[in-house]
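So the structure is just underneath, and the comments pick up after that.
Each value in this text was obtained by applying a stated rule to the coordinates, not by laboratory testing. All values reported here derive from a predicted model rather than from experimental measurement.
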Amino acid sequence: MRKSSLTKSIKARTTAKYKRKVKKALIPGYGKKGMGWIKDPKKAAYNKVYKKTTFSIWDLFK
């Protein structure tokens, strides 16, 4: 089971949509699906396996 991080959870929810819009306008591949495989394939493979094999405490309440 994943340990939930309160600080990371709050940061993810409070990142302004304007900040994402600026990054999307300036960085060509920002926010595009599959860009992680091009940028860092090793990390993308790890994240894919991690996401499929772990669960959060919040998943138990769904």
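Just a few scattered comments:
- Flagged links, alpha-carbon separation over 19 Å, of LYS3/LYS52; LYS19/LYS42; LYS3/LYS62; LYS3/LYS51; LYS3/LYS48: LYS19/LYS42
- Rounded to 10°, Cα long-axis angle of helix 41-53 versus longest principal axis of the chain: 30
- Expected 222 nm ellipticity per residue - DSSP helices of 4 or more, -39500 (n - 2.57), all of the chain, to 500: -17000 deg cm²/dmol
- Against the set [x] 1.01; [y] 1.04; [z] 1.34, the structure's computed Rg/Rh (Cα atoms, Kirkwood Rh) falls on [y].
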